[in-house]
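Let me begin by presenting the structure, written as structure tokens, before commenting on it.
Please treat every number below as a calculation from the coordinates, not as lab data. Every value quoted in this text rests on a predicted model; they were computed, and no experiment measured them. Please note: Cβ atoms are built from the backbone with ideal geometry, for glycine as well, and neighbour counts cover all protein chains shown.
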Amino acid sequence: MHAYESLTPDLILDALGALGLELDGRLSGLSSYENRVYLAMLDEGAGVVAKFYRPGRWSEEQIREEHDFAQELLQEEVPVVAPLRFNGQTIHSTKRLGLKCEIDFLFSVCPQKGGRAPELDDVEVIGWLGRYLARIHNVGQAKTFKYRESVDTQTLGIEPQKILIQLECIPEQFKDRWINTCDKALAKVELAMRESFQYLRLHGDCHPGNILWTPLELEEGGPHFVDLDDARMGPAIQDLWMLQSGDRRERSYQLSVLLEGYCSLREFDMRELQLIEPLRTLRLIHYSAWLAKRADDPSFVINFPWFWSPDYWQTQIDTLNEQIEAMDEPCLVV
């Protein structure tokens, strides 16, 4: 039985009730493949968002570093959705709360925030995001993570490659081609990342789905950054490159506007632009390994039925080859 099968609605409501929350019994599952996230409504009409962490993924020390970073950002009035404190703690344990359950789930509770993904074709929106990312990084450089992972070839490329081979996920007819292509791609990534870049605490997974945008005319209008679950040490560009889309000309323009906002509050090392395609390559390999490690999750077959298919692995080989070519091209000019 998978761990999440023991995470029943009764257990979730009991866990939240044990913190002193007065719930009205309404509970809705929110979209999340990594953890289990729920909207629970309170008697007073407001809601809270409860995140039950995937057992075994992060240690309690790693989660605490994430929470501490979020609290530091809040203290500097950077708009992030940070976990609430109950009895002085932001990390809670079902067993420490005295609940009967086969598996001890660590969880946190955040306030409910509304919003939608930002419109990345809006120049004003991109400028705002650049300024707020600079503010996140200004806080991020003040300390370092001791327990959380870093953005590097070993963690996001070599280890995921080994996992995919060990778990025998790749259909036999594609295995050798994928390994050879992956090796070539990782060699180019390693070459690009061997230069010395400043590493700081990052959001780590800063794509539009992790930003809630509210209209600027509202009192708290603008972006709210959510889900620091992948916070890690790395170069600043890691939080910038996923906010571009379209062809090369469009991405170059979006990046220039983003950096204009960013550089109004913080310096940016332009050498990091050469890391965009290597980081995209690492994300591609890491994502496949992420899927492989979660194949026993009950929601996996429903949401990712194509993972084992020949089409998926042929596409991965083709995309890696495209990335090899992209890493040979000049980096984006802003």
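Other residues lying with their Cβ under 15 Å from the Cβ of ARG266 contribute a combined charge of -3, Lys and Arg counting +1, Asp and Glu -1.
Can you tell me which of 150-162, 276-288, 17-29, 97-109 comes out highest on packing, and rank the rest after it, using the mean Cβ neighbours within 10 Å? Please report the intermediate quantities before stating the final value.
Working: 150-162: 18.5, 276-288: 21.2, 17-29: 12.8, 97-109: 16.5.
By packing density, highest mean first, the sequence is 276-288, 150-162, 97-109, 17-29.
Extending 7 Å from Cα along the Cβ direction at ILE103 and again at GLN166 yields two label points whose distance is 2.0 nm. Across the alpha-carbon atoms of the chain, the computed radius of gyration and Dmax are 20.8, 59 angstrom. Given their separation in residues at 0.36 nm each and the Cα-Cα distance between them, ASP43 and THR8 gain 10.5 nm when the chain is fully extended. Calculation over all alpha carbon pairs of the stretch 3-111 in 5 angstrom steps from 0 returns a P(r) of 2, 12, 23, 25, 22, 12, 4, 1 percent. Legend: residue pairs LYS113/LYS143; LYS51/LYS293; LYS51/LYS95, Cα-Cα distance threshold 18 Å; pairs beyond threshold, LYS113/LYS143; LYS51/LYS293.
Converting phi to 3J(HN,Hα) with the Karplus coefficients 6.51, -1.76 and 1.60 and the offset θ = phi - 60°, the stretch 174-186 yields 10, 4, 4, 5, 5, 4, 5, 5, 4, 4, 5, 5, 5 Hz in sequence order, with x at every glycine or proline.
Taking 41 Å as R0, compute the FRET efficiency from the Cβ-Cβ separation of ASP318 and LYS146 and round it to 0.05. The partial results should precede the final answer.
Numbers: r = 40 Å, r/R0 = 0.96.
FRET efficiency, ASP318 to LYS146: 0.55.
Taking 25 °C and 0.890 mPa s as conditions, the stretch 149-200 diffuses translationally at an estimated 201 µm²/s according to Stokes-Einstein applied to its Kirkwood radius (Cα pairs). Amide H to amide H distances under 5 Å link GLY47 with LEU42, GLN112, where only residues 5 or more positions off or on other chains count and H is placed in the peptide plane. Using just its DSSP H runs of length 4 or more, each adding -39500 (n - 2.57), the chain gives a mean residue ellipticity at 222 nm of -13000 deg cm²/dmol after division by all residues.
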